[in-house]
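The block underneath contains the structure these notes are about, expressed in C-alpha cells.
The values are calculated or read from the model by the stated rules, or taken from the named source; none is laboratory data. Note that the structure is a prediction, hence the values are computed from the model and not measured. Here the Cβ positions follow ideal geometry from the backbone for every residue, glycine too, while neighbour counts run over all protein chains shown.
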Amino acid sequence: MAFSIPEGWSNALYKHMKFKNILSLKSLIVLGFVIAVIPLFSAVMYAAFGMRETSALGRTINAQVFEQTKAIGVVLQKTGDIERKARLFVLLSDPAIRQPYEQQSYENTRASFKEALSVLLKLHVDNKIALLVNELSEKENLIYQQIISSTNGNEPSVPIDEAFQGLRESSRSLLREFENHIDHQFNELHQQSESLEEGLLSKGAVLLLISFIVISILLVVLARSMRQLDTGIRRLGSGELNGPIIVAGPSDLRYLGNRLEWLRTHLLDLEISKQQFMHNVAREIEQPLAYIRESTELLMSEAVREPDDPLHVIAKQLSNNVDKLNAVSEELVRYSQISATPELNSKEAVDMKDLLESVIDDFQPRLQAKSISLKMLVRPVEIDGIRGQLRGIIEQLLSNAVKYSPTGGEIRIMLRDAGMHMELEVEDEGPGIAPEERKHVFEPFFHGKTAQPEAMDGPGLGLAIVSEYVANHQGAVEIIDPRQDQQGARFRVQVPLTGKT
C-alpha cells in the first residue's frame, strides 16, 4: 500500500527546509545587528521627537509669556497714566481754569487703556486673568463715571481716592495672577520634560531588554551549534567513530557538521581497513611461525646431546627469532584493536599517584638490574580515564626510559596538577632524541638513528600506542628539551583534569 504525503504537509516541509537553508551564519549576524540597531534607532527617534515637541512647546510658552508680559506691562503703565490724567482732570475741574483739551486728553488716555486691555485679552490669557482684566476695566469705568458726574455738580458715590485705591489693587492682583500663571506654565513644561525623560528611559529599557532577549536566543543557537561542532571534533580526535555527528543551527555550521560526518565515515573506513590489514598480517604469519617453532623444537631435541653442535646453535637462534616475531605479531594485534575498542564508556575516576606508584613497584626488578635510581616529584592528581590505557602510558614511557638509560643512571618522574591539565613527565639519561626525529617517534614502526641494538628488537609500536591512548583521553604527548646539563629524552603527557575536558 503506497503512502503519500498530504499536499499541505509537503508545502510546509518545503518552506521549512527553504527557511533553514536561508538561515545562515551571515544572515544571523545581520539579523542580530538589525535587531540591536532597531531599538537604538527607535529610542533615538523617540528622544528626538520628544525633544522637538518639548522644544516647540517651550518656544511657544516663551513667546506667549513674552507677549503677555509685554501686554501686562502696557496695561499697568496705562493704568498709572489714566490715574494721573484722571487726577489732573479732577484738579482742573473748575470751569474757570479748565482747558478744552483736558477732557479730550483724558478720553485719549482712556481709549489707549481700553486698547491695551483688548490686546491683552486677545492673547488667550487664563480665565482668572481675563476676569481680573474685566474687573480692572469696570473699576476704571466707575471712576470715569464718577469724575464726569462730579464735573456736572454731582457728588461722587465713592471717594475718588478710594476708587483709585481699588484700581491699583486690581492692577496688583492682575500682576500677581499673571506671575502665578507664568510659574504654572513653566512648571508644566518642567513636568512634561521629566515625563519625557522617564518615558524615554522606560521605553529604552524595554527596547534594550527585547534586544537582549533576541540576541541571547541567537547566541544560544550559535553556542549550541559550536558545542556540537566541538563535541564532534573531540570525538574524532579521541577515535570515537561509531555514532553520527549531527550539527543543528545555521546552514554554514550544518555544512561544517556534514563535512565532519563525512570525515568520520572516511576515518571509520580507514580504521576498518587498518584493522583488517593488521589481523590479516598477524593471521598470515601465525601459521608459518607455528611450523617454524615446531621445526626448531625438533632440531633442538635432536641436537640436545651435543650443545656445541652448530645445528644446536642454529636451532637456538631460530627459536629466539621466532619469539621476537611472535611478539611483533601480538603487538600488531594489540595496536589494531586500540581504535576498534576504545572503551570510552568505561572511564572512571583514576588516582594517578597511586597508579604511578603501582607501576614503579612492578618495574623494581628491571630498575635494580641496571642499578637505575628514580628521582620523583609526585603530587596527588585525579582524572577521568580508562585505567588500563593510563597504566599502559606509564608503563611504556618508563619502559623506554629503562631501555635507553645507561647502567647506574637516573630517571626523573614528575606528576602534578597544571591548572586545567594533569602533567606527567618522564626523563632519562640516555642518548636522547634528535630534534628532527621528534615528530616521527610516535609513528608506527619508527626507529631513531640513536636507537640501541636491544631497542631494535621491538616492532616500534610502543610510542604509537602511547599516542593513541593519550588521544583517547583528549590529551597530548610531546617530546620537550631536556633539563639543563642533560641530554636524555624527556616526554611530557598532558590530559584534561576531571570535569575540565
So, in the stretch 432-456, of the ones that are modelled with pLDDT under 80 and surrounded by 14 or more Cβ atoms within 10 Å (Cβ to Cβ), which residue ends up farthest from residue 391 (Cα to Cα)?
450
Odd one out for residue 49, checked against (1) of a type outside the set (Asp, Glu); (2) modelled with pLDDT under 75; (3) surrounded by 11 or more Cβ atoms within 10 Å (Cβ to Cβ):
(2)
Does the stretch 364-402 hold any residues that are farther than 20 Å from residue 463 by Cβ, in a helix (DSSP H, G or I) and of a type in the set (Gly, Ala, Ser), and which are they?
369
Which listed residue is out of contact with any strand residue (DSSP E or B) (no Cβ under 7 Å at 6 or more places or on another chain) and at pLDDT 85 or above, from 396, 487:
396
Failed condition for residue 319, given (1) in contact with a Lys or Arg (Cβ under 9 Å, 6 or more places away or on another chain); (2) of a type in the set (Gly, Ala, Ser); (3) modelled with pLDDT under 70, with all others met?
(3)
Can you name every residue in the stretch 176-191 that is modelled with pLDDT of 80 or more and surrounded by 15 or more Cβ atoms within 10 Å (Cβ to Cβ)?
177, 178, 181, 182
Given the residues 198, 162, 169, 194, which is the only one that is modelled with pLDDT of 75 or more, surrounded by 12 or more Cβ atoms within 10 Å (Cβ to Cβ) and part of a helix (DSSP H, G or I)?
169
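Do you know which residues across the stretch 107-144 are among the polar types (S, T, N, Q) and within 17 Å of residue 164 (Cβ to Cβ)?
Taking the stretch 107-144 first, the residues among the polar types (S, T, N, Q) are 108-109, 112, 118, 127, 134, 137, 141.
The answer is 109, 137, 141.
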